[in-house]
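Asker: My questions all concern the structure below.
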Amino acid sequence: VQLQASGGGWVQDGGSLTLSCAASGGSVRSNTIGWFRQAPGREREFVAAFGWSGNTKYTDPVKGRFTISRDNAKNTVYLRMNSPKPDDTAVYYCGATTVVRGRVTEENYYRYWGQGTQVTVSS
């Protein structure tokens, strides 16, 4: 599976931004797709995941603000960021795995990764 992350950019605190993770060489319906982010000087951390079965999971700091969704026809998973904060500034990555059992919050659960897309939130 090849993943292409896009949609990053600059956004003001309280605005909105939608990231896309387009897959090729495999179906998003057969994969769990996760979004992670890495801020300067920090480790990569889990943001949200859309499971192959349709379940979703979010890290607490983004609950109620971010929404992960899947478009099977476009073979793409989206991360809608509403009311982003400066602390959300990071490079965002999407990962994919066909492994059924595992912790979606852990980076090593994912086998395939896209390149990152930079998100900068200004106050």
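Asker: Can you give the Kirkwood hydrodynamic radius for the stretch 53-93, in Å, rounded to one decimal and based on Cα pairs?
Answerer: Working: mean 1/r = 0.0862 Å⁻¹.
Taking every pair of different Cα atoms in the stretch 53-93, averaging 1/r and inverting gives 11.6 Å.
Asker: Hey, another quick one. Kindly rank 47-56, 98-107, 32-41 from highest to lowest mean number of other beta carbons found within 10 Å of each residue.
Answerer: Highest-to-lowest ranking by the protection proxy: 32-41, 47-56, 98-107.
Asker: Would you kindly state how much longer the chain becomes between residue 103 and residue 10 on full extension, computed as 0.36 nm times their sequence separation minus their alpha carbon distance, in nm to one decimal? All intermediate terms of the calculation are to be shown ahead of the outcome.
Answerer: Numbers: separation 93, 0.36 × 93 = 33.48 nm, distance 3.09 nm.
30.4 nm is the gain from fully extending residue 103 to residue 10.
Asker: Cross-link partners among lysines for residue 74, C-alpha distance below 23 Å, same-chain residues fewer than 8 apart left out?
Answerer: Counting by Cα, and skipping residues close in sequence, residue 74 has these lysines nearby: 57.
Asker: Share of the stretch 68-123's accessible area from carbon and sulfur, percent, 1.4 Å?
Answerer: 43 percent
Asker: List the pair-distance distribution P(r) of the chain, using every Cα-Cα distance, as the percent of pairs falling in each 5 Å bin from 0 up to the bin containing the longest distance, rounded to whole percents.
Answerer: 2, 13, 24, 26, 20, 10, 4, 1
Asker: Under 8 Å for C-alpha pairs, at least 6 residues apart: give me the relative contact order for the stretch 30-123, rounded to a whole percent.
Answerer: Numbers: 180 pairs, mean separation 29.6, N = 94.
Dividing the mean separation by the residue count of the stretch 30-123 yields 31 percent.
Asker: Quote the charge dipole size of the chain about the Cα centre in Debye, to the nearest 20; the model charges only the Cβ of Lys and Arg (+1) and of Asp and Glu (-1).
Answerer: 340 debye
Asker: While we're looking at this one, here's another question. If you take the square roots of the eigenvalues of the alpha-carbon gyration tensor of the stretch 61-120 and sort them as a ≥ b ≥ c, do you get rounded (a/c under 1.5), prolate (a/b over b/c) or oblate?
Answerer: Numbers: a/c = 1.68, a/b = 1.45, b/c = 1.16.
It is prolate, given that a/c is not under 1.5 and a/b is the larger ratio.
Asker: What number comes out for accessible area per residue over the stretch 39-87 if the probe is 1.4 Å? Units Å², please.
Answerer: 58 Å²
The values are calculated or read from the model by the stated rules, or taken from the named source; none is laboratory data. Just so you know, these numbers come straight off a predicted model, no measurement behind them. Neighbour counts run over all protein chains shown; Cβ positions are idealised from the backbone, glycine included. Areas reflect the complete protein model, heavy atoms only, side chains present, ligands, DNA and RNA absent. Shrake-Rupley method; radii C 1.70, N 1.55, O 1.52, S 1.80 Å.
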